[in-house]
Amino acid sequence: MNDFQICPNCGRRTPEENLRCIFCGDRLPVGRGTLGSFRFGRGRAIFIIVALLVVFFFLRLYMR
């Protein structure tokens with residue numbers, strides 16, 4: 001729980017489960033810890049949202 005990683009931008013220690021440095025706000029290079037598996041880029045997030053919307057609208061059309 002008390003594991004830390006070093007921020008590449010400011011060089012200060014921040015808890016390893018953070019996605020951003022608590023001091024400078026820079027994005028940390030490796031998503032480790034509790035929330036590390038949820039980290040992905042903006043492009044992938046947009047793709048997932050669009051794919052879910054397409055599936056939703058096809059299901060609505062099919063259910064009519």
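The values are calculated or read from the model by the stated rules, or taken from the named source; none is laboratory data. Please read these numbers as outputs of a predicted model, since none were measured by experiment. Note: ideal-geometry Cβ built from the backbone for every residue, glycine included; neighbour counts use all protein chains shown.
Within the bounds of the stretch 39-53, is there any residue that is surrounded by fewer than 10 Cβ atoms within 10 Å (Cβ to Cβ), aromatic (Phe, Trp, Tyr) and either out of contact with any helix residue (DSSP H, G or I) (no Cβ under 6 Å at 6 or more places or on another chain) or modelled with pLDDT under 70 (or both)?
no
Just to be sure I understand, how many residues within the stretch 16-29 are under 11 Å from Phe4 (Cα atoms) and exposed (fewer than 14 other Cβ atoms within 10 Å of the Cβ)?
Residues flagged as under 11 Å from Phe4 (Cα atoms) and exposed (fewer than 14 other Cβ atoms within 10 Å of the Cβ) within the stretch 16-29 amount to 0.
Among the residues of the stretch 1-19, write down those that are of a type in the set (Lys, Arg) and either part of a strand (DSSP E or B) or modelled with pLDDT under 85 (or both).
Step one: filter the stretch 1-19 for residues of a type in the set (Lys, Arg), giving 12-13.
Correct list: Arg13 only.
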